[in-house]
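> Take this structure first; my questions come after.
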Amino acid sequence: MAGIEFDRQAFVAANPPQGPSATQLLGPVLLVLTLAVVALVGYKIFAVNSQNNDVASANAQVQQLE
């Protein structure tokens, strides 16, 4: 008894699965960049407003002293 003969190629995928393409990887990268830009702009706005509030407070103290 020699065993059962069968074609092993039938169990092998014809084309191996491919990894994500460049366009699929571009979406998350753009999302991260967009979030970084929004955070940077928000920080800049916060810093300018904080500085303006400090100047206004200092001006009010000078007016009070005069």
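The values are calculated or read from the model by the stated rules, or taken from the named source; none is laboratory data. Please read all numbers here as calculations on a predicted model, not as lab measurements. For neighbour counting, all protein chains shown are included, and Cβ atoms are generated from backbone atoms with ideal geometry for every residue, glycine included.
> Among the residues of the range 1-26, write down those that are part of a helix (DSSP H, G or I) and exposed (fewer than 10 other Cβ atoms within 10 Å of the Cβ).
Listed by number, the residues that qualify are Arg8, Gln9, Ala10, Phe11, Ala22, Thr23, Gln24.
> Same structure again: Answer with yes or no whether Asn15 is over 31 Å from the mean Cα position of the chain (by Cα), modelled with pLDDT of 80 or more and of a type outside the set (A, V, I, L, M, F, W, C).
no
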